[in-house]
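Let me begin by presenting the structure, written as structure tokens, before commenting on it.
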Amino acid sequence: MKASDLFVKALENEGVDRIFAVPGEENLDVVESLRGSSIQLILTRHEQSAAFMAATHGRLTGKPGVCMATLGPGALNLVTGAAYAHLGAMPMILITGQKAIMTARQARFQIVDIVATMKPLTKASRQIVSAASIPTVVREAFRLAAEERPGPVHLELPEDVAAEMVPDHITVIEVHPVELPTAQDASLDRAAELLMAAKRPLVMFGAATNRPRLEGELTDFVRRTRIPFFNTQMGKGTVAGIGSADGGTELWMGTAALTERDYVHEAIDKADLILAIGHDTVEKPPFIMGTNGPKVIHVGYTPAIVEQVFFPNAEVVGDVGTSLTRLADRVEGKLPNAAALVPLREGILRRTLDRATESRFPLTPQRIVHDVREVMPADGVVALDNGMYKIWFARCYRTRSANALLLDNALATMGAGLPSAMMAALLYPERRVMAVCGDGGFMMNSQELETAVRLKLNLVVLIIQDDAYGMIRWKQAVDDFADWGLTFGNPDFVKYAEAYGAKGRRVGSADALVPTLEAAFREGGVQLVTVPVDYAENSRVLVEELRNRVVEEAL
């Protein structure tokens, strides 16, 4: 058999069922081997989208997603997706082709050192130089991508290696489960002592708590300890409902969408101990540690990365679920001050969710978040692109299950929202899935509407339209620069959707968003809905209101 056949068998052995790709001539042996395999080849319209989809597969399943591109320009188009997965801790395998390495009949045409390019953006980057090594190289790549901290691994398969004939007796390597190490008793004892001595404890759930395997243990820990909690942006939804009629929890204090001064920081600033579970410092800091601030205990799969704004006083390192179970065993029923900060909750949430039903048109961000929440069931998935609206969704969107709100607070790249939602729709065809994109981010990968239509996905794409790069324009105003250089024109999005074979809809009043979204979901298929936004709330709330809160507290 050919080496490419062995390569594809090794991928099948890892459970790969889809590869997202824009192949080139250097991949043709692999493409031919895929034709006779159980793996579905999904063509995307840009390599960046293929990488975003593979990364999101890893995020949602815990198993590496796979994408493929050719050499040179195709491989370079995977770079943003590699960084997206690397910072976001999403397991992924990137496969690229290369010219023959035993000969150089085309000299240096299209040749870029992709292995070196990918090294700082991946957990490992390796060229396959021998067909016989394929089983071990592939097995090691998948093991490395999936183990904590997860991330991308790059494999380059030159075309002459792919075409090489190999003996049939070379077989793939059996995959076996690997259990995570557990925390030491001494570290759990230290953490328990600090918790039991705390007067105003608070729990924070960070990015590493959105691992698919963790939701039950996190919820159980909160239920047993009764300590109120908040989350980072990427830690949203990691605790299921506890005692709240709306499916939420009466112990949730909010989301740290900003680094400081937001209403949730009333609880953070009063806490004397924060149990930071799964915090990954790639996220924009949810709070800033200082010498006079609370003590911090880090609970993570790996040791804490010490930063200027984060330097824990104690650490519990090991499997997070097991660690929390054993920590709860030590402190359950022994935390007399567990609920000390709960009285702050009502005021924090009331002010955070203020004006959510205002009938102003164009719609306020708060109203858009509120109305999206109205049409999404508990298991519905909302995938955000990156823009000003992401802060509003992070602050105001009430999640009821893990990974129900997919956002990127690590690389924070534009263009990932639509491909991420497409991946969710592929994995969960029975659920409602919505991409929420600004007009700027949507147009960066809008060509993937064709892919979504071709795949017959059920997907609603909500475009929040302000005809500008809104977040940078807002920052421009906050910094007292002139309003210049950040506005643009847009296509007629309804006609644009129809040109791809999707259905386009336009929201024309404040009360029309919910029924328009409901109609889109009922009809099915790929549906694009565009709604104008009034971003005056950015300055009114996120600058003036929060600044006044700090001034009032100082008086």
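Only the coordinates and a few stated rules stand behind these numbers; no lab work does. Computed from a predicted model, the values in this text were never measured in an experiment. Every residue, glycine as well, gets a Cβ built from its backbone with ideal geometry; the counts of neighbours run over all protein chains shown.
Per q in 0.09, 0.11, 0.19 1/Å, what log10 I(q)/I(0) does a Debye calculation on the alpha-carbon atoms of the range 353-542 return? Evaluating at q = 0.09, 0.11, 0.19 Å⁻¹ gives log10 I(q)/I(0) of -0.29, -0.44, -1.40. In this structure, the residue pairs whose Cα-Cα separation is over 26 Å, taken from 9/99; 2/99; 63/123; 63/495; 270/334, are 63/495. In this label model, residue 481 and residue 356 are separated by 3.4 nm, measuring between points 7 Å along each Cα→Cβ vector.
Rg and Dmax of the range 185-344, based on Cα coordinates, read 13.9, 40 Å. To the nearest ten degrees, helix 513-523 and the longest principal axis of the Cα atoms of the chain are 40 degrees apart.
Figure the gain on full extension for residue 184 and residue 1 (residue separation times 0.36 nm, minus the Cα-Cα span) and round it to one decimal in nm.
Details: separation 183, 0.36 × 183 = 65.88 nm, distance 4.87 nm.
Here the segment from residue 184 to residue 1 would lengthen by 61.0 nm.
Which is the longest run of the chain containing none of the trypsin sites (Lys or Arg not before Pro) found in DSSP loop states (not H, G, I, E, B) with at most 13 other C-beta atoms within 10 Å? Longest site-free region, per DSSP loop and neighbour criteria: 214-333. Over all pairs of different C-alpha atoms in the chain, the reciprocal of the mean inverse distance, the Kirkwood hydrodynamic radius, equals 24.7 Å.
Taking 0.36 nm per residue of separation and subtracting the Cα-Cα distance, full extension of the segment from residue 499 to residue 147 would add 122.4 nm. Answer with one residue from 474, 419, 542: the one whose Cα lies farthest towards the positive end of the charge dipole of the range 353-542, charges on Cβ with Lys, Arg +1 and Asp, Glu -1. The residue sitting most towards the positive pole is 419. What shape does the range 108-181 take by its C-alpha gyration tensor, where a ≥ b ≥ c are the square roots of the eigenvalues and a/c under 1.5 counts as rounded, a/b above b/c as prolate, and the rest as oblate? The shape class here is oblate. Centre-to-centre, using Cα atoms only, the range 507-543 and the range 377-417 are separated by 15 Å. The chymotrypsin sites (Phe, Trp or Tyr not before Pro) found in the range 454-555 that occupy coil by DSSP, while having at most 14 further C-beta atoms within 10 Å, are 481, 484, 488.
With respect to the chain, whose longest principal axis is taken over its alpha-carbon atoms, helix 215-225 is tilted by about 20°. Dividing the Cα radius of gyration of the range 3-162 by 2.2 N^0.38 Å, with N the residue count, gives 0.92.
Only sites in a loop by DSSP and with at most 15 other Cβ atoms within 10 Å count here; which chymotrypsin sites (Phe, Trp or Tyr not before Pro) in the range 206-308 make the cut? Spell out each step's value before the answer.
Numbers: sites: 221, 229, 230, 252, 263, 287, 301; in loops: 263, 287, 301.
Counting only loop positions with at most 15 other Cβ atoms within 10 Å, none of the chymotrypsin sites (Phe, Trp or Tyr not before Pro) in the range 206-308 qualifies.
Relative to the first principal axis of the alpha-carbon coordinates of the chain, what is the inclination of helix 185-197, with its axis defined by its Cα atoms, in degrees from 0 to 90 and to the nearest 10? So the helix axis and the longest Cα principal axis differ by about 30 degrees. Adding -39500 (n - 2.57) for every DSSP H run of four residues or longer, then dividing by how many residues the chain holds, sets the calculated 222 nm ellipticity at -10500 deg cm²/dmol. Basic side chains Lys and Arg get +1 at the Cβ, acidic Asp and Glu get -1 at the Cβ, and with that the dipole of the range 185-344 about its Cα centre reaches some 200 debye.
Restricting to DSSP loop positions (anything but H, G, I, E, B) with no more than 15 other Cβ atoms inside 10 Å of their own Cβ, which GluC sites (Glu not before Pro) remain in the range 403-466?
Counting only loop positions with at most 15 other Cβ atoms within 10 Å, the GluC sites (Glu not before Pro) in the range 403-466 are 430.
Computed from phi, the 3J(HN,Hα) profile of the range 93-109 under the Karplus parametrisation 6.51, -1.76, 1.60 (θ = phi - 60°) reads 10, 9, 10, 10, x, 7, 4, 4, 9, 8, 9, 9, 5, 10, 6, 10, 4 Hz, with x in place of Gly and Pro. Each of 301, 130, 152 was scored by the projection of its Cα onto the charge dipole of the chain, and the greatest displacement toward the positive side belongs to 301; charges sit on the C-beta of Lys, Arg, Asp and Glu.
To the nearest 20 Debye, how big is the dipole of the chain about its Cα centre, given +1 on the beta carbon of each Lys and Arg and -1 on that of each Asp and Glu?
Numbers: 57 positive and 68 negative charges, 127 e Å.
Magnitude of the dipole: close to 600 debye.
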